[in-house]
Amino acid sequence: MNNFTHWNEEGRPKMVDISAKEITTRTAIARSTILLSDAVYEAIQQGGIKKGDPTQVAQIAGIMGAKKTADIIPMCHPIMLQGTDFQFDYEKAENGYELHIQATVKCSGKTGVEMEALTAVSVAALTFYDMCKAVDKTMVIKETYLVEKTGGKSGTFVHK
């Protein structure tokens, strides 16, 4: 078990010690996609979602999710985030529409914010579903992935 970074000499889980790492500016961009019906898209465009604007509520939920990542992902370090922002883009699909949710998370710290960005878009997608499910429960939350990350020892990563 000694070869694993998140296990101590006794074979028990541990949080990695990052105290010797350098503070760098770190960013992460993550994306999630939701497939939705024409009915959901039209209801949103016409202000017909009874709970309110689903993207505004999803954005707030996503920001909260980014801030709470260390509370739900066991080995994540609590991070002082310096910024979290979202983009929501609808795209006509073969059947209905796709909503692309993208979050950008930034900090200056000793560990990256990839998990915070991934959590942000996941929570935003779940919240969007919750806001719109009264219109149509057939929405599908599709792929969620890291688009890009910068900073830290491992440098820049760009999803291809």
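The values are calculated or read from the model by the stated rules, or taken from the named source; none is laboratory data. Quick caveat, the model's predicted, so the values are computed rather than measured. A quick note on method: Cβ atoms are made from the backbone with ideal geometry, for glycine too, and the neighbour counts reach across all protein chains shown. Heavy atoms of the whole protein, side chains included, go into the accessibility calculation; ligands, DNA and RNA do not. Shrake-Rupley method; radii C 1.70, N 1.55, O 1.52, S 1.80 Å.
Numbers for the structure displayed
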quantity	calculated
Residues satisfying the stated conditions in segment 85-110, i.e. among the β-branched types (Val, Ile, Thr) and open to solvent by less than 30 Å² (accessible area, probe 1.4 Å)	101, 105
Considering residues of segment 145-157 that are surrounded by fewer than 16 Cβ atoms within 10 Å (Cβ to Cβ) and closer than 14 Å to residue 117 by Cβ only, the residue nearest to the chain's Cα centre (by Cα)	145
Residue identified as modelled with pLDDT of 95 or more, part of a helix (DSSP H, G or I) and within 18 Å of residue 150 (Cβ to Cβ) among 43, 66, 125	66
Positions within segment 1-30 being closer than 28 Å to residue 159 by Cβ and open to solvent by 60 Å² or more (accessible area, probe 1.4 Å), in sequence order	3, 4, 5, 6, 15, 21, 22, 23, 25
